[in-house]
Amino acid sequence: MNTAVKVALRVRPLTLQEQISNCSECISYVPNEPQIGIVGSDKSFTFDYVFDEERNQRHVYEECAKELVERFIEGFNVTILAYGQTGSGKTYSMGTGLQYQGNPDPAIVPRAAHAIFQLLDAQMEKDPSMEYQVYVSFLELYNEELIDLLQTQPRVRKDNIQVREDGFGGISWQGVKEQQVTSAQELLDWLQKGSLCRTTAATDMNQTSSRSHAIFSVILKQQRSEDPEPTPEGEEDDAVPVVTPKTPHEKPLKKLASKFHFVDLAGSERLKRTRAVGDRAKEGISINSGLLALGNVISALGDESRKSSHVPYRDSKLTRLLQDSLGGNSATLMLACVSGADADVSETISTLVYANRARNIRNRVVINQDFRDSTNSEIAQLRAEINRLKMENSSFRAMGSGPATELDQRRAAEEMRSLRGEVTRLRDRLKESSSELCDVLAERDTLLVEREVTGDADIEAHPIMMTYHHTVMQLKDRLIAAEDQALELQTLLSQKPSSVFGRRPNGPSRQKAPSPFKRRVEPMTDDDHDADGEHEDQRRKDSSPPRGRTAKRKSRQSSRAVSRFDF
Ligand code: ADP
Ligand code: MG
């Protein structure tokens, strides 16, 4: 279960006295938002719940306490803390004070008491094997001393009650009376008895002000069967009958123990405001130190980042008592109570700041939070996009077909230049060889004619002519290969120059790695046209010239074929 501390803010209406003395409202509300502002200031605060003065006891209970009662029955520890200055409505909201018991609009504790027994009875009906016991205890913490309000014996204030840790993080209160109760009414009777004993004294702020923290606890011990496994849909009819049907008593049982603490904290007002002296001042100091420790504990628990893993439970008796109900397997609700009167505005603001700290959310949370969230998600998206592109880039590079860098382009251009140079050289050589060949062929023809004329059949081609012929053939082949490579390179460069190097990472090597595109039909370029022009001359000499690029190849081949045929 989520252990987050939730905070509810309740604003009490102006009292008759405040209305008579012309007090006005100091709190403004944001419609449909759990957010409030302070009139005449730019301060605003956001909580989990906000209850304005119109909200009645039932509404408060159903909104924020009902769910916690259900958790308690499920076996979780639960704590509700009422915090605020004296006279802000803590005891009124909790219902732990004598004056509020029997109220027609019951407060949280009486409503919870009834709900606990109703839920347990409902559970019993579903699960006859269930057994439970409910106990109550009522402690007062006054000047850092613990008083058991249910002890009928004369109070012994010191060393009577011990708080022990069981080594598993569990806290037990030794020496505290746990009174078993069997009904909601019995539970409330014990609450009333304890309230009678509670230390109260008059201060300037509230005629019946409570100068101590009061912890009313309900302890539930239950034994119930594990929840039965749900039958998979559609299997009811086909299910194989169980030979020995299990009776409810044969089901595995679980034992649960949970605690529900209702804490009515002493007034949070600063000492000087009460004009307290002597014993009253001493009370104020210990109250404030207890509340400070409680605030620190709740802040540490509410810190989602958990930068400080240390939760200062041992800083006060209050936090030590509530250790296993604050954090861990527990749910905590802080009910911050404030007066809406402008005369109390400074105490109201200090309560709001304290409660807000517990919730670990800064001022103007709603707007800033939304803004921050959308920016964050945008940044996260952009980061993901950058990472994706980086990965894509590196995988392209690994494949050698990544986007061209400046270096790649320079290398491709250099290779292109050198290939063009070679093509030109080869063309020149071919021209020379072709004219030599023409001369030789003319000489041969002359000799052939002479032989026919003279009738000498033994005349053979001179070895020099054979050498010429081979040289011309070789040059032609090399020229064709070089032209093809130049074309291929030019096409690739115009698309993605670096891919040239991707295929030939060790640089071009025409002899070792002949181009796979050697016989592919490529689009013609200006160079092709130039070359074509020159070939055309040659072809005209060899045979009738075919047209176009494919025709050019045919021409080359036929040119070779003709030559071979000739020799
Ligand atoms: P605290 O316990 O914080 O010192 P109380 O609970 O005793 O204060 O409340 C002080 C006074 O304010 C009481 O007279 C109470 O009836 C009245 N009061 C507090 N909260 C409300 C409320 N929500 N609606 C009406 N009256 C309230
Ligand atoms: Mg009170």
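Please determine, by comparing only the residues of the stretch 97-121 that are within 12 Å of ligand 1 (Cβ to nearest atom) and over 17 Å from I80 (Cα atoms), which one is surrounded by the fewest Cβ atoms within 10 Å (Cβ to Cβ).
The qualifying residue surrounded by the fewest Cβ atoms within 10 Å (Cβ to Cβ) is Q99.
T15 is checked against (1) hydroxyl-bearing (S, T, Y); (2) away from ligand 1 (no atom under 16 Å from the Cβ); (3) under 20 Å from A341 (Cβ atoms) and fails just one. What number does that condition carry?
That leaves (2) as the condition not met.
Could you give me the residue pairs with C-beta distances under 7 Å whose first residue belongs to the stretch 149-173 and is of a type in the set (D, E, K, R), whose second residue is surrounded by 11 or more Cβ atoms within 10 Å (Cβ to Cβ) and at pLDDT 60 or above wherever it lies, and which are 6+ apart or on separate chains?
Between residues of the stretch 149-173 that are of a type in the set (D, E, K, R) and residues that are surrounded by 11 or more Cβ atoms within 10 Å (Cβ to Cβ) and at pLDDT 60 or above, the close pairs are R155/I147; R157/E145; R157/I147; K158/E145; R164/S172; E165/I171; D166/S172.
Could you tell me whether the stretch 32-44 includes any residue that is within 16 Å of ligand 1 (Cβ to nearest atom) and surrounded by fewer than 20 Cβ atoms within 10 Å (Cβ to Cβ)? Write out each step before concluding.
Kept after step one, since they are within 16 Å of ligand 1 (Cβ to nearest atom), are these residues of the stretch 32-44: 36.
Among the residues that remain, those that are also surrounded by fewer than 20 Cβ atoms within 10 Å (Cβ to Cβ) are: none.
No; the residues of the stretch 32-44 include none that is within 16 Å of ligand 1 (Cβ to nearest atom) and surrounded by fewer than 20 Cβ atoms within 10 Å (Cβ to Cβ).
Out of curiosity, is S172 modelled with pLDDT of 50 or more and of a type in the set (S, T, Y)?
On the way: modelled with pLDDT of 50 or more: yes; of a type in the set (S, T, Y): yes.
The answer is yes for S172.
Please work out if L14 is in contact with a Ser or Thr (Cβ under 9 Å, 6 or more places away or on another chain), crowded, with 17+ Cβ neighbours inside 10 Å and assigned to a loop (DSSP other than H, G, I, E, B). Quick ask: steps written out before the conclusion?
On the way: in contact with a Ser or Thr (Cβ under 9 Å, 6 or more places away or on another chain): yes; crowded, with 17+ Cβ neighbours inside 10 Å: yes; assigned to a loop (DSSP other than H, G, I, E, B): yes.
Yes; evaluated as a whole, the condition is true for this residue.
Could you tell me how many of the residues in the stretch 43-57 are within 30 Å of the chain's Cα centre (by Cα) and at pLDDT 90 or above? Can you show your working first?
We begin by selecting, within the stretch 43-57, every residue within 30 Å of the chain's Cα centre (by Cα); these are 43-50.
Adding the requirement that they be at pLDDT 90 or above leaves 45-50.
Qualifying residue count, the stretch 43-57: 6.
If I go through the stretch 408-446 residue by residue, how many of them are over 60 Å from the mean Cα position of the chain (by Cα), of a type in the set (S, T, N, Q) and at pLDDT below 80? Can you show your working first?
The initial filter retains those residues of the stretch 408-446 that are over 60 Å from the mean Cα position of the chain (by Cα), namely 421-446.
Add one more test, that the residue is of a type in the set (S, T, N, Q), and what stays is 424, 433-435, 446.
Filter once more, so that each one left must be at pLDDT below 80: 433-435, 446.
Of the residues in the stretch 408-446, 4 are over 60 Å from the mean Cα position of the chain (by Cα), of a type in the set (S, T, N, Q) and at pLDDT below 80.
Can you tell me which residue among E414, E422 is assigned to a helix (DSSP H, G or I) and free of Cβ contacts under 8 Å to residues at least 40 places away in the same chain?
The unique qualifying residue is E414.
Out of the residues in the stretch 82-96 that are on the phi > 0 side of the Ramachandran plot and within 6 Å of ligand 1 (Cβ to nearest atom), which is surrounded by the most Cβ atoms within 10 Å (Cβ to Cβ)? Write out each step before concluding.
Taking the stretch 82-96 first, the residues on the phi > 0 side of the Ramachandran plot are 84, 87, 89, 95.
Among the residues that remain, those that are also within 6 Å of ligand 1 (Cβ to nearest atom) are: 84, 87, 89.
Details: G84: 30, G87: 24, G89: 21.
Per the stated criteria, the residue is G84.
The values are calculated or read from the model by the stated rules, or taken from the named source; none is laboratory data. The model shown is predicted, which means the values in this text are computed figures rather than measured ones. Neighbour counts run over all protein chains shown; Cβ positions are idealised from the backbone, glycine included.
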